[in-house]
1. Counting only residues that are touching an Asp or Glu at 6+ places or on another chain (Cβ under 9 Å) and among the charged types (D, E, K, R), which one in the stretch 41-93 is surrounded by the fewest Cβ atoms within 10 Å (Cβ to Cβ)?
2. In the stretch 180-226, which residues are among the charged types (D, E, K, R), assigned to a helix (DSSP H, G or I) and touching a residue at least 24 places away in the same chain (Cβ under 8 Å)?
3. Only residues that are crowded, with 24+ Cβ neighbours inside 10 Å and either within 17 Å of Gly172 (Cα to Cα) or of a type in the set (Phe, Trp, Tyr) (or both): list them for the stretch 215-238, please.
4. If a residue must be in contact with a Ser or Thr (Cβ under 8 Å, 6 or more places away or on another chain) and either among the hydroxyl-bearing types (Ser, Thr, Tyr) or more than 14 Å from Ile188 (Cβ to Cβ) (or both), how many such residues does the stretch 154-170 contain?
5. Consider Val76 carefully, then state whether it is outside any strand (DSSP E or B) and under 14 Å from the mean Cα position of the chain (by Cα).
6. Name the residue that is nearest to Pro138 (Cα to Cα), counting only residues in the stretch 233-266 that are more than 17 Å from the chain's Cα centre (by Cα) and not aliphatic (A, V, I, L, M).
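Any read-out appearing in this document is the output of simple, stated calculations on the displayed coordinates, not a laboratory observation. Computed from a predicted model, the values in this text were never measured in an experiment. Quick reminder, even Gly has a Cβ in these numbers, built from the backbone with ideal geometry, and neighbours come from all protein chains shown.
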Amino acid sequence: MSVSAPPPPAAPLAPLVDSHCHIVFRNFEDDLEAVVARWREAGVAALVHACVEPSEIPAIRALADRLPELRYSVGVHPLDTQHWREDTAAVLRVAAEADPRVVAIGELGLDLFRQKNLEEQLAVLAPQLDLAVDLNLPVIIHCRDAAAPMLAELGRRRDAGRCPRGVMHCWGGTPEEMEGFLELGLYISFSGTVTFPRAEATHECARRVPADRFLVETDCPFLAPVPRRGQRNEPAYVAAVAARVAELRGESLAEVARLSTANAVRLFALPDPCV
């Protein structure tokens with residue numbers, strides 16, 4: 001049965017990049033062509049598909065074969081540490097080196113909201129950060145209730161000259177935490193949570209983040225923006241995220257689209273959709 005959806009928001013007069021999405025999930029199987037049509041109509045010219053564990057890689061690669069605007073990452077999510085094996089780092093390396101459409105390592109990070117196994121998560125995080133440095137790829141960082149240990153880990157790596165560039169995905173921390181990650185050279189990405197009325201810390205981060213250091217994303221199928229909160233999210237709705245960021249910053253939607261797209265192109269070495 002197909003999934004119905006309202007029409008996408010009007011295109012913002014500049015191409016958008018959904019810098020973090022998950023489309024290989026089963027709830028896109030029945031209407032993927034319609035989903036693709038909607039994101040193209042909404043002005044989404046490029047997408048970065050995040051990977052949460054290695055078994056996803058063949059399906060994501062096949063999706064990239066079908067969709068020329070899609071790039072992707074390879075990695076292990078902090079809530080999927082059970083998928084880490086002795087050979088996982090090698091598997092990720094081979095996948096990244098075999099396909100130039102792999103533009104990042106991740107989704108990696110720390111999550112102490114759902115699990116408290118910090119040492120296990122750090123043990124999976126460390127080799128992925130090393131791999132990103134070795135391959136000169138950025139990282140996509142998931143960080144929930146774990147800003148202090150993440151800042152500590154990345155700070156040690158910076159001092160050792162082994163801290164990769166990257167992005168704090170689906171940012172939901174405080175402005176003070178954001179400043180720490182910005183000092184490490186990271187970008188900050190805003191998802192549908194920036195449209196939630198009570199997300200005051202995220203709103204303040206969107207106001208303060210430098211113009212050359214923010215991205216927009218959906219994290220679909222999760223976190224649909226207002227007024228679709230609670231529904232299945234999809235890449236077309238990144239236009240609503242950009243519109244809310246523009247409102248918070250006192251800028252036009254076209255300007256936020258231009259800035260966020262330029263930042264994504266620079267971070268992930270994407271083909272420039274403006275050309």
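1. Out of the qualifying residues, it is Arg93.
2. Glu204, Arg207, Arg208
3. Result: Leu215, Val216, Glu217, Thr218, Asp219, Cys220, Pro225, Tyr237, Val238.
4. Filtering the stretch 154-170 for residues in contact with a Ser or Thr (Cβ under 8 Å, 6 or more places away or on another chain) gives 167-170.
Checking which are either among the hydroxyl-bearing types (Ser, Thr, Tyr) or more than 14 Å from Ile188 (Cβ to Cβ) (or both) leaves us with none.
Residues that pass the stated criteria total 0.
5. Yes; evaluated as a whole, the condition is true for this residue.
6. Among those residues, the one meeting the criterion is Arg258.
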